[in-house]
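**Q** The structure under discussion is supplied below as structure tokens; questions concerning it will follow.
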Amino acid sequence: MRRKPKRKNRKIKFSEKEYLKKNYLRDGKGIIPIELNNISDLYMKYDYKKLELSDEFCNYVDEIAYMFSVDTDLIIEIHCPVISEEDQEKIKKSIKTNYGIEIDDVEYDIHLQNRRSNFLIVLASVLMIINYLIDGYVTDFISDCFSVVWWIAIWDGIEIQLIDKVDNKYKRLNCQQLYDAKIEFVFDK
């Protein structure tokens with residue numbers, strides 16, 4: 001027998017805006033705090049030259065940045081032991097490079113989506129015209145098959161334009177926001 005919930009229709013009172021304001025906003029800017037005990041924690045485990053940021057670091061930064069609107073200026077605040085100016089510049093360059101590569105990847109995906117969408121819409125148009133031209137000359141089965149194929153092609157083409165492409169544009173804006181983020185170092189003792 002199933003238990004009845006103790007509180008039926010309980011309203012949860014949580015405000016994401018208040019949570020952000022309390023924990024991640026300062027002077028209208030979004031703060032992404034990062035604790036870095038060792039510089040090598042920032043990079044991939046087997047990266048000898050220390051060029052590629054670790055997945056854990058990127059996932060954390062992306063997760064926090066996702067909560068902010070794309071028009072919010074971000075500050076990546078790295079709390080760490082004292083490090084040299086050279087290491088600071090290397091870290092800043094690595095972060096910029098990482099998000100620059102992500103922007104480039106998203107732009108390439110958008111380009112491919114445009115090409116695929118245009119191809120599907122043209123293919124659907126051609127198949128629709130062929131379907132209407134052969135409508136009285138072939139069996140209903142063949143005509144119905146053409147109708148299904150052009151309908152699927154046009155549906156996929158429009159879905160790419162209206163859904164997938166929009167998702168990638170927001171992803172690009174988030175990457176651009178992180179690329180433009182100010183990087184500050186806070187030296188903890």
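**Q** Condition test on L178, is it part of a helix (DSSP H, G or I), closer than 30 Å to V82 by Cα and not β-branched (V, I, T)?
**A** Yes; evaluated as a whole, the condition is true for this residue.
**Q** Go through (1) touching a residue at least 12 places away in the same chain (Cβ under 8 Å); (2) more than 22 Å from the chain's Cα centre (by Cα); (3) not in a loop (DSSP other than H, G, I, E, B) one by one and return the number of the condition V82 breaks.
**A** If we test V82 against (1) touching a residue at least 12 places away in the same chain (Cβ under 8 Å); (2) more than 22 Å from the chain's Cα centre (by Cα); (3) not in a loop (DSSP other than H, G, I, E, B), just (3) comes out false.
**Q** Output the residues belonging to the range 24-75 that are within 16 Å of D180 (Cα to Cα), part of a loop (DSSP other than H, G, I, E, B) and open to solvent by less than 40 Å² (accessible area, probe 1.4 Å).
**A** F68, T72 - these are the residues of the range 24-75 that are within 16 Å of D180 (Cα to Cα), part of a loop (DSSP other than H, G, I, E, B) and open to solvent by less than 40 Å² (accessible area, probe 1.4 Å).
**Q** Here are N98, N131, N114: which of them is modelled with pLDDT under 90, open to solvent by less than 80 Å² (accessible area, probe 1.4 Å), of a type in the set (S, T, N, Q) and at negative phi?
**A** It is N131.
The values are calculated or read from the model by the stated rules, or taken from the named source; none is laboratory data. Please read these numbers as outputs of a predicted model, since none were measured by experiment. Cβ: placed from backbone, ideal geometry, glycine included. Neighbour counts: every protein chain shown. The accessibility values were calculated without ligands, DNA or RNA, using every heavy atom of the protein model including side chains. Shrake-Rupley method; radii C 1.70, N 1.55, O 1.52, S 1.80 Å.
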